[in-house]
1. What is the extension gain from Y103 to A27, computed as 0.36 nm multiplied by their sequence separation minus the C-alpha to C-alpha distance, in nm to one decimal?
2. Kindly express, to the nearest 10 degrees and within the range 0 to 90, the angle between helix 20-30's C-alpha long axis and the longest C-alpha principal axis of the chain.
3. What is the set of long-range amide H partners of A142 at a cut-off below 5 Å, with H atoms built 1.01 Å from backbone N?
4. Say each of R17 and N135 gets a label point 7 Å from the Cα, pointing the same way as Cα to Cβ; how far apart are those two points in nm?
5. Report the extension gain between E147 and F46 in nm, rounded to one decimal, defined as 0.36 nm multiplied by the number of residues separating them, less their alpha carbon distance.
6. If I stretch the segment between N34 and Y88 completely, what's the gain in nm (0.36 nm per residue apart, minus their alpha carbon distance), one decimal?
7. Report the relative contact order of region 1-54, percent, no decimals, based on alpha-carbon pairs under 8 angstrom and at least 6 residues apart.
8. Of the residues F76, F68, F46, which exhibits the maximal mean-square fluctuation in a Gaussian network model of the chain defined by a 10 Å Cα contact cut-off?
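Since every read-out is calculated from the coordinates, none of them should be taken as a lab result. Note that the structure is a prediction, hence the values are computed from the model and not measured. Backbone-built Cβ (ideal geometry, glycine too); neighbour counts: all protein chains shown.
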Amino acid sequence: MRTKYAVKQISVFLENRRGRLVDVTKAFLDADINIRALFLADSSEFGILRLVVDNPEKAKAILVSKGFAANETEVFAVEVEDRPGGFYRVVKVLADNEIDVEYTYAYAGTSNKAILFFKVKNEEFDRAIEVLMENGQNLVEAVKFYE
């Protein structure tokens, strides 16, 4: 089950200085890598860019070759109605089952649906998927992001 829903996310450490985000996105443009979702968290000195792309292995290799510190992490994605309460229903199931969310981010599409990405502890990954499915949540197969 894990393999089916484990979305490969690339995390990139970026110095907080002008042009670093341009460098990453230009490298992806040149390599024909499509960014499907992203989240950027920053402090005064650095940022962490988290990306879901159509070819994570190639993306990581390109970034490393350009001198970026990058790693791969597994997250899972849940599709919800893009309306009040969609996010709540997912996190409520996780909380009720004592599964801690390390971080989350989302993107909204154009079809009244939103995709929520979740990072949980590695040892809770399979259980999180199981309880979400048991509670009628619509998990997105990883392959959908690589098409």
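1. Values: separation 76, 0.36 × 76 = 27.36 nm, distance 2.60 nm.
Separation in residues times 0.36 nm, less the Cα-Cα distance, equals 24.8 nm.
2. The helix 20-30 is inclined about 90 degrees to the chain.
3. Close amide H contacts, sequence-distant or interchain: Y5, A6.
4. Placing both labels 7 Å beyond Cα along the Cβ direction yields 4.5 nm.
5. Values: separation 101, 0.36 × 101 = 36.36 nm, distance 3.15 nm.
Extending this stretch completely gives an extra 33.2 nm.
6. Details: separation 54, 0.36 × 54 = 19.44 nm, distance 2.92 nm.
Going from the current span to full extension adds 16.5 nm.
7. Values: 68 pairs, mean separation 24.8, N = 54.
Once normalised by length, the contact order is 46 percent.
8. Top of the fluctuation ranking is F46.
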